[in-house]
Amino acid sequence: MYCIYFLLIVGVKVSAEIGRPRGVSISMASKYEPNDQKIFRCLDGSGTIPYEHLNDDYCDCADGSDEPGTSACTNGKFHCTNAGYTPKNVQSSRVNDGVCDCCDGSDEYEGKIECVNNCKELGKKMREEQDEKRRLQEEGFKKREGFIAEANNMMEGKKLKIQELEKEKTELQDKLKELEAKKAEAEGPEKEAKDKHEQAWKEQKEVRDKERSAIKAREAFDELDLNKDGFVDVLEIIPHMEFDIDSNGVVSEEEAKEHLEDNEKVDFDEFSSRIWGNIQSIYKKLVPDDQKEVPPPPVEPQGETGVPAPTEEPQATPHITPIPDEGDDYDDEDDEDEDDEEDAVDEDKMPEYDEETKALIAAADEARKNHEEADKRSRDIDGEITTLTSYLNTDYGKDKEYAILRDNCYEYTDREYTYKLCPFATASQRPKAGGHETNLGRWGRWENDYKVQVYDHGQNCWNGPDRSVKVHLTCGPEHQLTNAYEPSRCEYAFDFITPCACNQPPQPQDKDPHDEL
Ligand code: MAN
């Protein structure tokens, strides 16, 4: 009271409604209280002036602090109280400039303009908006509390699941040992019986192959022994072009002899014991000329007699040629050969296992199946435990409030791309016009006190970094990806609103006591 009285006495212009110099806020009022010497010290300490020079429309202080309520100083600040709304500082140069800057109209006290005081309406609107925001935050916060409880339950559930799986795995280890033993037990007799069967078959085949070879040797010997003197000699070898060692088109006597192991002739015993083994893979039967495919007669003009002109080629004796390997021009004989071959193929196939061996194989198959099933289950358990452990080891926020987002994906589409965020897993981008999805990063870490998530090591950017995303999380009523952009090439930013980010709103009594509302 004394203070106001004093200011009135010294003629300082004070605000109409409040007891402090015009344009001064409550928080600054103490700095403007008069001292005993009635001297005002500029707030920056640059000088002192008599009290009556405050707001005298003349700028004395370098910081403009002596003229808070006039436009005398270009750098002064005029404080609008704006009762009912938010207090505000305006440039003191705007005081009495004919423009209403304060909602209470206090900056236009000279009457250049009639300012309507709309602070109450503005305040009402602001409070309504604040209340709505607060309501949403409160709602979000309640959801967050629910998510935290859910996450804790989920974690407990997963921990229990790991315990169960570990127990199952321990039991399975014993079972696996047992099944392994049973498998070995069944596979022993199975192998023995199979080996026995296969060995018997091998021996049988060897005997049969020997017999076949002997028959073939006899056939070849008889075919080669054209003069039927009981020997195969050099002259009988010569017509067989397959014995032409140097491929010069003629089988020489030396070449023929070489095939006969340096003999002029060999009898059947020697042929079958020493010769046949070496030549059987190259030996080809000869076909009599009259059984050969006759080429169509030449269409050239014939001699005057109508008898074809003799060819230059000397006629080979005897008139037989090797039987071609394939082709069906040799009719009956050839068909018989084919049948023989088929029979031979069938005969070469190992016969089925006997019933006893089959039963042993079936028993071993069953033991193998049981072991494989248990082994697979054991591997599956390992996989499940790894997944659960990775889930539990992930940082879901201070109170695990973000765990609820895991295993879900959220999308946002702009003009060009659809962006996808699968929290704690991946971020990606795919063109709206179609085309492949680009990996923008895998879950990396938290930043900025759990307000930002980083996804990195995405697909490399041509001539640039590996793609990465920073996800900015703010409080919102639902989980929603609200924006995606690329602040710098291949470095993306997503905005994600979620109740998980809603803190408890300040209670009404927590309000700033200096609030002038
Ligand atoms: C693709 C998209 C873009 C990115 C370019 C970089 O077109 O991934 O977001 O800027 O590649 O070459």
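With the structure loaded, tell me whether Arg442 is outside any loop (DSSP other than H, G, I, E, B), at pLDDT 95 or above and not aliphatic (A, V, I, L, M) or whether it fails that test.
Details: outside any loop (DSSP other than H, G, I, E, B): yes; at pLDDT 95 or above: yes; not aliphatic (A, V, I, L, M): yes.
Against the criterion (outside any loop (DSSP other than H, G, I, E, B), at pLDDT 95 or above and not aliphatic (A, V, I, L, M)), Arg442 qualifies.
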Seminar exercise, completed: Within the range 486-498, residues in contact with a strand residue (DSSP E or B) (Cβ under 7 Å, 6 or more places away or on another chain) and near the ligand (Cβ under 10 Å from one of its atoms) come out as Glu486, Glu491, Tyr492
Seminar exercise, completed: Of (1) of a type outside the set (A, V, I, L, M); (2) modelled with pLDDT of 95 or more; (3) surrounded by fewer than 13 Cβ atoms within 10 Å (Cβ to Cβ), Cys102 fails just (3)
Exercise. Is at least one residue of the range 486-493 open to solvent by less than 40 Å² (accessible area, probe 1.4 Å) and farther than 30 Å from Lys133 by Cβ?
Worked result: yes
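From the list Gly84, Gly69, Gly105, which one is in a loop (DSSP other than H, G, I, E, B), touching a strand residue (DSSP E or B) at 6+ places or on another chain (Cβ under 7 Å) and either among the basic types (Lys, Arg) or over 30 Å from Leu388 (Cβ atoms) (or both)?
Going through Gly84, Gly69, Gly105 in turn, just one is in a loop (DSSP other than H, G, I, E, B), touching a strand residue (DSSP E or B) at 6+ places or on another chain (Cβ under 7 Å) and either among the basic types (Lys, Arg) or over 30 Å from Leu388 (Cβ atoms) (or both): Gly69.
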Problem set entry | Members of the range 422-443 found to be within 14 Å of the ligand (Cβ to nearest atom) and among the hydrophobic types (A, V, I, L, M, F, W, C), listed by number | Ala427, Ala433, Leu440
Problem set entry | Selection count where residues are among the hydrophobic types (A, V, I, L, M, F, W, C) and open to solvent by 50 Å² or more (accessible area, probe 1.4 Å), scope the range 198-227 | 5
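Answer yes or no as to whether Lys284 is of a type outside the set (S, T, N, Q), loosely packed, with under 12 Cβ neighbours inside 10 Å and in a loop (DSSP other than H, G, I, E, B).
On the way: of a type outside the set (S, T, N, Q): yes; loosely packed, with under 12 Cβ neighbours inside 10 Å: no; in a loop (DSSP other than H, G, I, E, B): yes.
For Lys284, the condition - of a type outside the set (S, T, N, Q), loosely packed, with under 12 Cβ neighbours inside 10 Å and in a loop (DSSP other than H, G, I, E, B) - is not met.
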Problem set entry | Residues of the range 20-51 classified as within 21 Å of Arg94 (Cα to Cα) and open to solvent by 30 Å² or more (accessible area, probe 1.4 Å), total | 4
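Among the listed residues Ala186, Ala181, Ala193, which satisfies the condition of being in contact with a Ser or Thr (Cβ under 6 Å, 6 or more places away or on another chain), at pLDDT 95 or above and not in a loop (DSSP other than H, G, I, E, B)?
Numbers: Ala186 fails: in contact with a Ser or Thr (Cβ under 6 Å, 6 or more places away or on another chain); Ala181 fails: in contact with a Ser or Thr (Cβ under 6 Å, 6 or more places away or on another chain).
One residue alone meets the criteria, Ala193.
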Seminar exercise, completed: Cβ pairs under 7 Å, 6+ apart or interchain, first in the range 228-241 and in contact (Cβ under 8 Å) with a residue 24 or more places away in the chain and open to solvent by less than 30 Å² (accessible area, probe 1.4 Å), second among the aromatic types (Phe, Trp, Tyr) and outside any loop (DSSP other than H, G, I, E, B), ordered by first then second residue, are Val232/Phe221; Val232/Phe271
Problem set entry | Scan of the range 408-427 for residues that are closer than 20 Å to Lys451 by Cα and in a loop (DSSP other than H, G, I, E, B), ordered by number | Asn408, Cys409, Pro423, Phe424, Ala425
Problem set entry | Residue satisfying all of: in the range 466-485; surrounded by 15 or more Cβ atoms within 10 Å (Cβ to Cβ) and assigned to a loop (DSSP other than H, G, I, E, B); farthest from the ligand (Cβ to nearest atom) among these | Pro477
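Regarding Lys77, is this residue within 60 Å of the chain's Cα centre (by Cα), touching a residue at least 24 places away in the same chain (Cβ under 8 Å) and under 17 Å from Ala29 (Cα atoms)? Reasoning before the result, please.
Working: within 60 Å of the chain's Cα centre (by Cα): yes; touching a residue at least 24 places away in the same chain (Cβ under 8 Å): yes; under 17 Å from Ala29 (Cα atoms): yes.
Yes.
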Exercise. What pairs come up if the first residue lies in the range 450-462 and is of a type in the set (A, V, I, L, M, F, W, C), the second is near the ligand (Cβ under 10 Å from one of its atoms), and their beta carbons are under 8 Å apart, counting only those six or more places apart or on different chains?
Worked result: Cys461/Arg467; Cys461/Arg489; Cys461/Cys490
Problem set entry | Check on Gly458, surrounded by fewer than 12 Cβ atoms within 10 Å (Cβ to Cβ) and within 16 Å of the ligand (Cβ to nearest atom) | no
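Kindly evaluate Asn463 against the criterion of being within 16 Å of the ligand (Cβ to nearest atom) and either loosely packed, with under 14 Cβ neighbours inside 10 Å or at pLDDT 95 or above (or both). Break it down into steps so the answer makes sense when it comes.
Numbers: within 16 Å of the ligand (Cβ to nearest atom): yes; either loosely packed, with under 14 Cβ neighbours inside 10 Å or at pLDDT 95 or above (or both): yes.
The answer is yes for Asn463.
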Seminar exercise, completed: Residues in the range 351-400 that are under 30 Å from Glu190 (Cβ atoms) and open to solvent by 80 Å² or more (accessible area, probe 1.4 Å) total 9
Problem set entry | Yes/no for Gln453 being among the polar types (S, T, N, Q) and surrounded by fewer than 18 Cβ atoms within 10 Å (Cβ to Cβ) | no
Problem set entry | Long-range neighbours under 9 Å by Cβ, at least six apart or interchain, first residue over 16 Å from Cys461 (Cα atoms) and β-branched (Val, Ile, Thr) within the range 475-492, second open to solvent by less than 10 Å² (accessible area, probe 1.4 Å) and in a loop (DSSP other than H, G, I, E, B) | Thr482/Gly476
For this session: Assess whether Lys420 counts as being surrounded by 15 or more Cβ atoms within 10 Å (Cβ to Cβ), under 29 Å from Arg135 (Cα atoms) and of a type in the set (Lys, Arg).
Result: no
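The values are calculated or read from the model by the stated rules, or taken from the named source; none is laboratory data. Keep in mind the model is a prediction, meaning the values are calculated, not measured. So basically every Cβ, Gly included, is an ideal-geometry build from the backbone, and we count neighbours across all protein chains shown. Remember, those area values only see protein heavy atoms, side chains included, never the ligands or the DNA or RNA. Shrake-Rupley method; radii C 1.70, N 1.55, O 1.52, S 1.80 Å.
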